[in-house]
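Student: I have a structure here, written as structure tokens, and I will follow up with some questions on it.
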2 protein chains.
Amino acid sequence: MPGKTVLFLPDKLSVTVEPGQTLLQAATKAGITLRGACGAKGVCGRCRVQVKSGRVSLSGQGRITPEEAAAGWVLACLAVPEDEVTVYVPEESRLTEHRVLLEERESGVLTAIETAETSLRPLFGRRLVTLAPPTLSDNTDDYGRLTWTLQQHGERAPFWAGYALLRSLPRVLREANWQVAVELAAVEGATEIQGVIPASGDLKGPFGLAVDIGTTTVAAELVDLATGNVVATAGTYNRQAAFGDDVISRIIYATETAGGQAALREAVTETVNGLVGELLRLRGLNPEDVRAVVCAGNTTMVHLFLGIDPTYIRLEPYIPAVNMPPPVRAAELGLAAHPEAWVYCLPGVASYVGGDITAGIKVSGIAAAEPLSLFLDIGTNGEMVLGNQEWLMACACSAGPAFEGSGITCGMRAVSGAIEAVRVLPGGFEVIYRTVGGEKPLGICGSGLIDLLASLHQAGVIDRGGRFVPDQESPRVREGSEGLEFVLAWENETGTGREIFVTQADIQNLMRAKAAVFAGIRTLLANVGLPLEAVEKVFIAGGFGRFLNIRDAIAIGMLPDLPLERYTYIGNSSLKGARLALLSQAVWEEMKAIARRVTYVELSVGNRFMEEFMSALFLPHTDLSLFPSLGKERD
Amino acid sequence: MPGKTVLFLPDKLSVTVEPGQTLLQAATKAGITLRGACGAKGVCGRCRVQVKSGRVSLSGQGRITPEEAAAGWVLACLAVPEDEVTVYVPEESRLTEHRVLLEERESGVLTAIETAETSLRPLFGRRLVTLAPPTLSDNTDDYGRLTWTLQQHGERAPFWAGYALLRSLPRVLREANWQVAVELAAVEGATEIQGVIPASGDLKGPFGLAVDIGTTTVAAELVDLATGNVVATAGTYNRQAAFGDDVISRIIYATETAGGQAALREAVTETVNGLVGELLRLRGLNPEDVRAVVCAGNTTMVHLFLGIDPTYIRLEPYIPAVNMPPPVRAAELGLAAHPEAWVYCLPGVASYVGGDITAGIKVSGIAAAEPLSLFLDIGTNGEMVLGNQEWLMACACSAGPAFEGSGITCGMRAVSGAIEAVRVLPGGFEVIYRTVGGEKPLGICGSGLIDLLASLHQAGVIDRGGRFVPDQESPRVREGSEGLEFVLAWENETGTGREIFVTQADIQNLMRAKAAVFAGIRTLLANVGLPLEAVEKVFIAGGFGRFLNIRDAIAIGMLPDLPLERYTYIGNSSLKGARLALLSQAVWEEMKAIARRVTYVELSVGNRFMEEFMSALFLPHTDLSLFPSLGKERD
Ligand code: FES
Ligand SMILES: [Mg+2]
Ligand SMILES: [Mg+2]
């Protein structure tokens, strides 16, 4: 049976898929990421597309009404093309892609700290050496002479070389008159000699990649390994989003759909390769110029990226296949890099505390700190680490991707045009906001959503339970298709010509996200019998944007009511940690030591977490005594 | 231009070669090893073949007479087929192949010592382990659990695994109910996990190969790595012999003929694969059952086998590309073994003291001995090591392949039918001999040649200079095509129906070989200012046969005149060393340490060696005082 061709509009992208593959799979193949939130189960209803011509067979109707169905609307995840079809993909079914801001330095309430300096000794580097030419009385072999010289220069034995190199080594050394640049990769305690080239040649770079593979978003930095400078940055949505919002739905898709694991691997590989292509184009480089790649991601993301079976991550007792994956060649993963480049995935701790968190521990410095410190990564999953130089304890609460702009009707990443700060004036009649880059608003990102939740409550638009107060006068509060909603920006103000609004469902989503974070913190502290006030430093990572309004985050009851000076926002610490490891063999080794030190706390054991979660589903909390500083503002 | 087809008779083997390739290359391709001794230069005249039909173009005539040329005789190395040709290859132009004797235990004057026992811990092994199943409170990842368990069992960290393994690990462990056999390879200080299989499966082997890659002959043992037992042995001529007798002519062929290096690599690979096929057939096994290969060979052989440029081995200051080659996958070399099997080449010392000698040092035990000891490997090259537990010093003298039965008209390897001991009665009228296996004689091997030289001298057939005494009465001394020759066995006694004889040229060949050995020993001792008598133990390796008549070796002036009890014959110590390393990671590491300890003495520096060599071109020597025990027999 031949493949079926699908033409996507308005993009005019055409792809051919295997018989039996869905329109959702076809869209992913075409590079169009649909907003599948349910793992392609036909439940979330977010992957709506309109069939313009051709025949599709449906394995279900989903939330499509009979009138819509008559007009050709289907759920892409339930529709299989039967012949050549043309499909229209509306804007609202897409995860929009924007280029991440290269400049992250604007002032804000709580801006990101800069990464600590480390001595530059990257996982891949070039070392210029001059070998003593051999004589009858110094007749060491060429390879032995090379490795001896490298050792004199402080490179780490044992050395390792492929046969392509060894085979030409005698000629190369003599043609270069014994002055060569040696390309070295640090791999598992050994040094691989990847190349020996004349020192006189044109030696640009080498370059490396730091990649943060988030469940929702993927970000990458192109780094000059000779100087340690980041020369380009890019970010986008993870194309896996088409197959589910969170790690659990991805694992289900991987394990219960035929070819699912391969499809997820392809999706993330293409996401990363897309970013790499963008970065290389920016700097006029080729994939071969990328000589090392460090990836940070949660355990599920890393498994899927490496093509490793994630089944048991989801099943009690929640066991990953591997926490510390050995380095693997870029060629084996199909990455757009030098085929021999090693890809290093930062070591993780457990099924729900991955290498991205190890990165955060390193970047925040809590593993070396004296005061009791808390690290929070509020991404799709919501992980946290409590501890200091003596001990480290971590847990994960399923916070959901709300603060990454996903799962929220008008949510978006913290890129140009995202509302990053917002204030709703009393009564909800007026809204003041600021967007990233000062552009016309396109949507709202994490930091904006925290502001919004606090502000809607303070303005009296929503009650302590997060429900819209009925019968309000403001025209911004209106009846939508699924209940009340609040309009932040009218059609004429926005960059898209469509309104930006939050629904009741969006607000419940945010409430659950913030409650999960607070419940996690409380549970971790309860484990060591300490109160909230014992925490002397809090480091917050996540994709909120360029800054985070801590006062608002406390006001909604997401963060503990501590003096503001205890808080530091460290931005995307996963990406920063990946870069630090890329630039320092010592940091890479340290990451492994850190991962081994962390004790994992499984929140599903016992009732504590669930009780804390239920109590936190209020603004700020059922127990107001936990938020003494909010006393004055309380209603 | 299409390839040319060549049919070889009487073998009836047909091959197609590229335009421009010679009949010698065609024969090698067909598996017929011709006796090219000059490196396919048309000089030695040994690769004579007769063109029966078809047209060849000749780049020279060589030693072919006009009459012979008229009858179709050509030198195969100078003849290029121009269309389909049929070629007859006479027996005398071939290196005959025989199966090596499996039994080496017959008594003899000086029989080989058995290999010292070592604790069994092979470079590849299977380890049965039971993992503690994970629980919520013991949530270590699968791979971490596996490596932790292996470490508890004494396996060496760091561990390493390929992604094929990691990808299926979760399923395999659970299906096997956590009881698995783990396949482990020791590679450069780390342990590679090559396989994880249910412990309940059918677990034959694993098997490994020990290979001695000699310039003239190649020998291999198939070893059961679970028990340490050798289960099959085989040996043959190195097919590279078609391209030259010794390492120098091979290097010249490799570097000066287009495609020469590749042709030599192919020839030795096919030689080894032929042996492996034979061994596997004997035991009903497949290449995939071979999980580790250890090769010992001189530096040139190892370079050519690994496909590494040997150019600078031959050019002053004689520098190898690599003395300690990193392990390489069997697949990369095209070896008939499991594609992931590592191939380990024993570490060498210098361009002319290779891994075979390191093996000999280990097998003889001289590196750990208190008394001053001498190790001699009298193969094609003639290497020797002097020293003890304090110091080790080595050199190489080009002894030539005479004692391996090559370069001698009726010479052969020490296989069934070879004359291994011989006595010529006074006057040269009668000859008594013994053959390997008691078969009718086919030729004469190294130990027989030493006996013969001593005996011909003692019988008065040759003089002190090794020249035939003229005008003898014995019908065994006769005029041949190139001067006088001596018949050992008449047509009717032999297994081939052809006479077995030695020519004047053969004897000069043997004289040079024995002189080179003695000169080497003297030069090495002179380096440390010691007399011959200072040597307390002598270990002799080489392909002489199953034993060596030391008294005769002293009588011809090859070995120093020391009490016989100081001598031990250790047979093929290169092959034994390869097997020891295969069976013991500790020995493999020790070999590297030994190779590093040895000081190489370059004989071409200074005149000493050449002077010693000239003085030793007599029977036994110009200076008879060096051989006091021969006083009574002296003429
Ligand atoms: S309904 Fe299609 S992905 Fe959820
Ligand atoms: Mg993240
Ligand atoms: Mg040898």
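The values are calculated or read from the model by the stated rules, or taken from the named source; none is laboratory data. None of these values were measured; they are calculated from a predicted model. Note: ideal-geometry Cβ built from the backbone for every residue, glycine included; neighbour counts use all protein chains shown. Heads up: the accessible areas ignore ligands, DNA and RNA and are worked out on the full protein's heavy atoms, side chains in. Shrake-Rupley method; radii C 1.70, N 1.55, O 1.52, S 1.80 Å.
Student: Quick test of your reading of the structure: B:Glu68 fulfils all but one of (1) in a helix (DSSP H, G or I); (2) in contact with a helix residue (DSSP H, G or I) (Cβ under 6 Å, 6 or more places away or on another chain); (3) closer than 24 Å to B:Arg498 by Cβ. Name the failing condition by number.
Tutor: Of (1) in a helix (DSSP H, G or I); (2) in contact with a helix residue (DSSP H, G or I) (Cβ under 6 Å, 6 or more places away or on another chain); (3) closer than 24 Å to B:Arg498 by Cβ, only one is false for B:Glu68: (2).
Student: Among the numbered conditions (1) more than 8 Å from chain B (Cβ to nearest Cβ); (2) in contact with an Asp or Glu (Cβ under 9 Å, 6 or more places away or on another chain), tell me where A:Ala164 comes up short.
Tutor: Only one criterion in (1) more than 8 Å from chain B (Cβ to nearest Cβ); (2) in contact with an Asp or Glu (Cβ under 9 Å, 6 or more places away or on another chain) is unmet by A:Ala164, namely (2).
Quick grid of which residues meet (1) open to solvent by 50 Å² or more (accessible area, probe 1.4 Å); (2) under 21 Å from B:Ala258 (Cα atoms):
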| residue | (1), (2) |
| --- | --- |
| B:Thr22 | no, yes |
| B:Ala27 | no, yes |
| B:Lys41 | yes, yes |
| B:Gly72 | no, no |
| B:Ala76 | no, yes |
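Student: Related question: Pick from the range A:297-334 the residues that are aliphatic (A, V, I, L, M) and assigned to a helix (DSSP H, G or I): which of them is nearest to ligand 3 (Cβ to nearest atom)? Give the derivation first.
Tutor: So the first thing to find is which residues in the range A:297-334 are aliphatic (A, V, I, L, M), and the list is A:301-302, A:304, A:306, A:308, A:313, A:315, A:319, A:321-322, A:324, A:328, A:330-331, A:333.
The next check asks that each one be assigned to a helix (DSSP H, G or I); those that pass are A:301-302, A:304, A:306, A:313, A:330-331, A:333.
Values: A:Met301: 55, A:Val302: 50, A:Leu304: 53, A:Leu306: 46, A:Ile313: 55, A:Ala330: 42, A:Ala331: 39, A:Leu333: 44 Å.
Checked the range A:297-334; the qualifying residue nearest to ligand 3 (Cβ to nearest atom) is A:Ala331.
Student: While we're here: I'd like the full set of residues that are more than 23 Å from B:Ser137 (Cα to Cα) and among the aromatic types (Phe, Trp, Tyr), limited to the range A:574-612.
Tutor: A:Trp588
Student: Check off (1) facing chain A (nearest Cβ under 8 Å); (2) surrounded by 15 or more Cβ atoms within 10 Å (Cβ to Cβ) for B:Arg171 and give me the number that stays unchecked.
Tutor: Failing condition for B:Arg171: (2).
Student: For the range A:482-497, which residues satisfy the criterion of being under 31 Å from the mean Cα position of the chain (by Cα) and surrounded by 14 or more Cβ atoms within 10 Å (Cβ to Cβ)?
Tutor: A:Glu485, A:Phe486, A:Val487, A:Leu488, A:Ala489, A:Trp490, A:Glu493, A:Thr494, A:Gly495, A:Thr496
Student: Name every residue in the range A:200-218 that is away from ligand 2 (no atom under 16 Å from the Cβ) and acidic (Asp, Glu), in order of residue number. Show your work before the answer.
Tutor: Taking the range A:200-218 first, the residues away from ligand 2 (no atom under 16 Å from the Cβ) are A:200-209.
Within the range A:200-218, A:Asp202 is the sole residue that qualifies.
Student: If I filter the range A:131-159 down to residues being facing chain B (nearest Cβ under 7 Å) and charged (D, E, K, R), which single residue comes out as nearest to the chain's Cα centre (by Cα)? Give the steps one after another, and end with the answer.
Tutor: Taking the range A:131-159 first, the residues facing chain B (nearest Cβ under 7 Å) are A:134-136, A:139, A:141-144, A:158.
Still in the running and charged (D, E, K, R): A:141-142.
Values: A:Asp141: 48, A:Asp142: 46 Å.
Residue satisfying both the conditions and the ranking: A:Asp142.
Student: Cβ-Cβ under 6 Å, sequence separation 6+ or interchain: first residue in the range A:199-228 and assigned by TED's automatic domain parsing to the domain that holds A:Leu285 and on the phi > 0 side of the Ramachandran plot, partner buried (at least 22 other Cβ atoms within 10 Å of the Cβ) and aliphatic (A, V, I, L, M). Which pairs?
Tutor: Filtered contacts from the range A:199-228: A:Gly228/A:Leu583.
Student: Among B:Leu392, B:Leu376, which is open to solvent by less than 10 Å² (accessible area, probe 1.4 Å), within 16 Å of ligand 3 (Cβ to nearest atom) and either at pLDDT 95 or above or closer than 24 Å to B:Leu449 by Cα (or both)? Quick ask: steps written out before the conclusion?
Tutor: Details: B:Leu392 fails: within 16 Å of ligand 3 (Cβ to nearest atom).
Of the residues listed, the single one that is open to solvent by less than 10 Å² (accessible area, probe 1.4 Å), within 16 Å of ligand 3 (Cβ to nearest atom) and either at pLDDT 95 or above or closer than 24 Å to B:Leu449 by Cα (or both) is B:Leu376.
Per-residue answers, yes or no, for (1) touching a Leu at 6+ places or on another chain (Cβ under 8 Å); (2) more than 22 Å from B:Ala555 (Cα to Cα); (3) in contact (Cβ under 8 Å) with a residue 60 or more places away in the chain:
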{"site": "B:Gly427", "(1), (2), (3)": "no, no, no"}
{"site": "B:Cys445", "(1), (2), (3)": "no, no, yes"}
{"site": "B:Leu452", "(1), (2), (3)": "yes, no, no"}
{"site": "B:Val461", "(1), (2), (3)": "no, no, no"}
{"site": "B:Arg478", "(1), (2), (3)": "yes, yes, no"}
{"site": "B:Glu493", "(1), (2), (3)": "no, yes, no"}
{"site": "B:Gln508", "(1), (2), (3)": "no, no, no"}
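Student: Moving on to the next point. Those residues that are under 20 Å from B:Val343 (Cβ atoms) and hydrophobic (A, V, I, L, M, F, W, C), I need them from the range B:166-189; list them, please.
Tutor: Within the range B:166-189, the first condition is being under 20 Å from B:Val343 (Cβ atoms), and the residues that meet it are B:183-189.
Across the range B:166-189, the qualifying residues are B:Leu184, B:Ala185, B:Ala186, B:Val187.
Student: Can you tell me which of B:Leu484, B:Leu510 is assigned to a strand (DSSP E or B), out of contact with any Asp or Glu (no Cβ under 8 Å at 6 or more places or on another chain) and over 20 Å from B:Leu372 (Cβ atoms)? Full working, then the answer.
Tutor: Details: B:Leu510 fails: assigned to a strand (DSSP E or B).
Residue meeting the stated conditions: B:Leu484.
Student: Still on this structure, please answer the following. Can you name every residue in the range A:181-198 that is open to solvent by less than 20 Å² (accessible area, probe 1.4 Å) and touching a Pro at 6+ places or on another chain (Cβ under 9 Å)?
Tutor: The answer is A:Ala181, A:Glu183, A:Ala185, A:Ala186, A:Val187, A:Thr191.
Student: Is it the case that A:Gly529 is over 30 Å from the mean Cα position of the chain (by Cα) and of a type outside the set (S, T, N, Q)? Spell out how you get there, then give the answer.
Tutor: Working: over 30 Å from the mean Cα position of the chain (by Cα): yes; of a type outside the set (S, T, N, Q): yes.
Yes; evaluated as a whole, the condition is true for this residue.
Student: Give me the pairs: first residue in the range A:5-27 and more than 16 Å from A:Arg48 (Cα to Cα), second residue open to solvent by 50 Å² or more (accessible area, probe 1.4 Å) and not in a loop (DSSP other than H, G, I, E, B), beta-carbon distance under 7 Å, and six or more apart or on different chains, which are they?
Tutor: A:Thr5/A:Ser14; A:Thr5/A:Thr16; A:Ser14/A:Leu7; A:Val15/A:Lys29; A:Val17/A:Lys29
Student: A further question on this structure: Criterion first (outside any loop (DSSP other than H, G, I, E, B), within 16 Å of ligand 3 (Cβ to nearest atom) and under 27 Å from B:Cys345 (Cβ atoms)) does B:Gly195 satisfy it?
Tutor: No.
Student: Also, I was wondering about something else. Here is a list: A:Glu266, A:Glu256. Which entry is in contact with a Lys or Arg (Cβ under 9 Å, 6 or more places away or on another chain), charged (D, E, K, R) and either away from every other protein chain (no Cβ under 14 Å) or within 16 Å of ligand 3 (Cβ to nearest atom) (or both)? Lay out the reasoning, then the answer.
Tutor: Working: A:Glu256 fails: in contact with a Lys or Arg (Cβ under 9 Å, 6 or more places away or on another chain).
Going through A:Glu266, A:Glu256 in turn, the sole match is A:Glu266.
Student: Taking B:Asp202 as meeting all but one of (1) open to solvent by less than 20 Å² (accessible area, probe 1.4 Å); (2) more than 30 Å from A:Leu315 (Cβ to Cβ), write down the number of the exception.
Tutor: B:Asp202 satisfies all of (1) open to solvent by less than 20 Å² (accessible area, probe 1.4 Å); (2) more than 30 Å from A:Leu315 (Cβ to Cβ) except (1).
Student: Kindly list, by first and then second residue, each pair from a residue in the range A:561-580 that is open to solvent by less than 50 Å² (accessible area, probe 1.4 Å) to a residue that is of a type in the set (Lys, Arg), limited to pairs with Cβ atoms under 6 Å and residues at least 6 apart or on different chains.
Tutor: As it stands, the answer is A:Gly577/A:Lys362, since those pairs meet every condition given.
Student: Please return the ranges of helices (runs of 4 or more DSSP H) entirely within the range B:528-635 where 3 or more residues are within 23 Å of B:Leu392 (Cβ to Cβ) and more than 16 Å from ligand 2 (Cβ to nearest atom).
Tutor: On the way: elements: B:550-555, B:573-583, B:585-597, B:608-615.
Output list reads B:573-583, B:585-597, B:608-615.
Student: Continuing with the same structure: Would you confirm whether or not the range B:273-280 contains a residue that is without any contact (Cβ under 8 Å) to a residue 40 or more places away in the chain, away from every other protein chain (no Cβ under 11 Å), more than 15 Å from B:Glu590 (Cα to Cα) and surrounded by fewer than 24 Cβ atoms within 10 Å (Cβ to Cβ)?
Tutor: Taking the range B:273-280 and keeping what is without any contact (Cβ under 8 Å) to a residue 40 or more places away in the chain, we get none.
Taking every residue of the range B:273-280 in turn, none turns out to be without any contact (Cβ under 8 Å) to a residue 40 or more places away in the chain, away from every other protein chain (no Cβ under 11 Å), more than 15 Å from B:Glu590 (Cα to Cα) and surrounded by fewer than 24 Cβ atoms within 10 Å (Cβ to Cβ).
Student: Within the range B:428-481, track down each residue that is more than 32 Å from the chain's Cα centre (by Cα), under 30 Å from B:Asp623 (Cα atoms) and acidic (Asp, Glu).
Tutor: Within the range B:428-481, B:Asp463, B:Asp471 meet the criteria.
Student: Additional query: Does B:Gly446 qualify as being more than 30 Å from B:Gln389 (Cα to Cα) and within 16 Å of ligand 3 (Cβ to nearest atom)? Show your work before the answer.
Tutor: Numbers: more than 30 Å from B:Gln389 (Cα to Cα): yes; within 16 Å of ligand 3 (Cβ to nearest atom): yes.
Against the criterion (more than 30 Å from B:Gln389 (Cα to Cα) and within 16 Å of ligand 3 (Cβ to nearest atom)), B:Gly446 qualifies.
Student: Need a quick list: strands (runs of 3 or more DSSP E) entirely within the range A:362-425 having at least 2 residues that are within 16 Å of ligand 2 (Cβ to nearest atom).
Tutor: Correct list: A:373-377, A:383-387, A:392-396.
Student: Okay, next question. For the range A:298-355, what are the residues that are under 18 Å from B:Phe159 (Cα atoms), more than 9 Å from every other protein chain (Cβ to nearest Cβ) and open to solvent by less than 10 Å² (accessible area, probe 1.4 Å)?
Tutor: Of everything in the range A:298-355, those that are under 18 Å from B:Phe159 (Cα atoms), more than 9 Å from every other protein chain (Cβ to nearest Cβ) and open to solvent by less than 10 Å² (accessible area, probe 1.4 Å) turn out to be A:Pro327, A:Val343, A:Tyr344, A:Cys345, A:Leu346, A:Pro347.
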